[in-house]
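Input: a single structure, listed below in structure tokens.
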Amino acid sequence: MSFFARLHFSLLIIRHALVPGQFLSEPPSPGQTGNPFPSPRPVSAVELSWLLANPSDALNDAGKLSLLFPGALPLAAPFLLFRLKRLGFSACRVTADGNGLTLTAMR
């Protein structure tokens, strides 16, 4: 993934963390409620707006949120934490590695 693609995805994260989309009753594509993916769940640019507006829909059965933002730059981390803390999540943590940003939180 090129630097500019990573920067674009990171800027999308920042935008949707500061100005979230509408709270929707359904995810953008069927069958994506809950956390059917292995932990952490990868987040694409298509579902970014919905997921940051409805993070409670991505909780696993234990009430834990675990998301991977592949290729995201560390500059987006404080904005993700701001969004989740504003929604009442606790134990929020973002770690950056070669894959992108990994976000974990508890409800």
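The values are calculated or read from the model by the stated rules, or taken from the named source; none is laboratory data. In this text, all values refer to a predicted model and were calculated from it rather than measured experimentally. Here Cβ is always computed from backbone atoms with ideal geometry, including for glycine, and neighbour counts include all displayed protein chains. With ligands, DNA and RNA removed, areas are computed over all heavy atoms of the protein, side chains included. Shrake-Rupley method; radii C 1.70, N 1.55, O 1.52, S 1.80 Å.
Within segment 34-88, count every residue that is of a type in the set (A, V, I, L, M), more than 13 Å from Thr104 (Cα to Cα) and more than 11 Å from the chain's Cα centre (by Cα).
Summing the residues that are of a type in the set (A, V, I, L, M), more than 13 Å from Thr104 (Cα to Cα) and more than 11 Å from the chain's Cα centre (by Cα) in segment 34-88 gives 4.
This table checks each residue for (1) open to solvent by 50 Å² or more (accessible area, probe 1.4 Å); (2) over 24 Å from Phe4 (Cα atoms).
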residue	(1), (2)
Trp50	no, no
Ser66	no, yes
Leu81	yes, no
Lys85	yes, yes
Ala96	yes, no
Asn99	yes, no
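Could you give me the residue pairs with C-beta distances under 6 Å whose first residue belongs to segment 93-104 and is closer than 10 Å to Ser66 by Cα and β-branched (Val, Ile, Thr), whose second residue is assigned to a strand (DSSP E or B) and open to solvent by 60 Å² or more (accessible area, probe 1.4 Å) wherever it lies, and which are 6+ apart or on separate chains?
Once the first residue is closer than 10 Å to Ser66 by Cα and β-branched (Val, Ile, Thr) and sits in segment 93-104, its partners that are assigned to a strand (DSSP E or B) and open to solvent by 60 Å² or more (accessible area, probe 1.4 Å) give Thr102/Thr95; Thr104/Arg93.
How about segment 81-107: which of its residues are part of a helix (DSSP H, G or I) and either charged (D, E, K, R) or closer than 15 Å to Ser44 by Cα (or both)?
Of everything in segment 81-107, those that are part of a helix (DSSP H, G or I) and either charged (D, E, K, R) or closer than 15 Å to Ser44 by Cα (or both) turn out to be Arg83, Lys85, Arg86.
Could you give every pair whose Cβ atoms fall below 8 Å, whose first residue belongs to segment 4-21 and is of a type in the set (Val, Ile, Thr), and whose second residue is open to solvent by 40 Å² or more (accessible area, probe 1.4 Å) and part of a helix (DSSP H, G or I), counting only separations of at least 6 or pairs across chains?
Ile13/Phe79; Ile14/Leu75; Ile14/Phe79
Is there any pair linking a residue in segment 62-77 that is in contact (Cβ under 8 Å) with a residue 12 or more places away in the chain to one that is assigned to a loop (DSSP other than H, G, I, E, B) and open to solvent by less than 20 Å² (accessible area, probe 1.4 Å), with Cβ under 9 Å and at least six apart or on different chains, and which?
As it stands, the answer is Leu65/Phe89; Leu67/Val43; Leu68/Val43; Phe69/Val43; Pro70/Val43; Ala72/Val43, since those pairs meet every condition given.
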